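J.: Take a look at the following structure, please.
Taken together, the values in this text are just the output of simple stated rules run on the coordinates, not laboratory data. Keep in mind that this is a model prediction, so the values were computed, not measured. Neighbour counts run over all protein chains shown; Cβ positions are idealised from the backbone, glycine included.
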Amino acid sequence: MIDQSCITICSMKLMRHGETVIRKSLPLIEQDLHDIEIVRRSPEFEGCTEAVVLNHLVRVGIDAVKDLQMEQGYGVMAAQRDEDRAQRQATVRRRRPSWADER
């Protein structure tokens with residue numbers, strides 16, 4: 001018998017991300033099945049359906065990829081900012097100082 005609290009937890013995980021729009025088939029290798037089963041046996045997912053576990057794993061994976069993309073994007077922005085700063089400094093160094101014309 002499935003614990004009622006688990007049903008609530010599983011339902012909350014699904015509802016947190018909205019209503020199901022489409023179901024996709026997903027090719028899995030033996031290692032994938034093993035890893036999913038390990039997650040499914042964890043206390044957090046005990047009694048939850050495989051679909052709930054897969055949905056959660058996909059969501060976590062998507063979030064991880066988004067975080068990585070943001071981190072890489074910030075890296076690119078920082079590199080561009082450093083390049084812009086170096087160009088501005090080089091331009092300033094080439095300018096004749098304002099006091100150079102004083103006599």
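J.: Compute the distance in nm between two label points, each set 7 Å from the Cα along the Cα-to-Cβ direction, one at ILE62 and one at HIS34.
T.: Calculated label separation equals 2.9 nm.
J.: Set Lys and Arg Cβ to +1 and Asp and Glu Cβ to -1, take the dipole of the stretch 61-103 about its Cα centre, and tell me which of GLN69, GLN87, TRP99 lies farthest positive.
T.: After comparing all options, I get TRP99.
J.: Follow-up. Have a look at the stretch 30-103 and give its Rg and Dmax from the Cα atoms, expressed in angstrom.
T.: According to the Cα coordinates of the stretch 30-103, Rg and Dmax are 27.0, 88 Å.
J.: Across the stretch 42-54, in residue order, what do the Karplus-derived ³J(HN,Hα) couplings come to in whole Hz, using 6.51 cos²θ - 1.76 cosθ + 1.60 with θ = phi - 60° and x for Gly and Pro?
T.: Once rounded to whole Hz, the list reads 5, x, 4, 10, 4, x, 7, 6, 4, 4, 5, 4, 4.
J.: Hey, another quick one. At q = 0.18, 0.22, 0.27 Å⁻¹, what base-10 log of I(q)/I(0) does the Debye formula yield for the stretch 63-103 when every alpha carbon is treated as an equal point scatterer in vacuo?
T.: Once normalised to I(0) and log-transformed, intensities are -0.64, -0.74, -0.85.
J.: Shifting gears a bit: Using the per-residue mean of other Cβ atoms lying within 10 Å as a proxy for protection, in what order, highest first, do the peptides 68-75, 94-101, 54-61 fall?
T.: Ranking the peptides 68-75, 94-101, 54-61 by packing returns 54-61, 68-75, 94-101.
J.: Between GLU19 and ASP84, what is 0.36 nm times their sequence separation minus the Cα-Cα distance? Round to one decimal in nm. List each step's numbers first, then the result.
T.: Details: separation 65, 0.36 × 65 = 23.40 nm, distance 4.56 nm.
Between GLU19 and ASP84, full extension yields an extra 18.8 nm.
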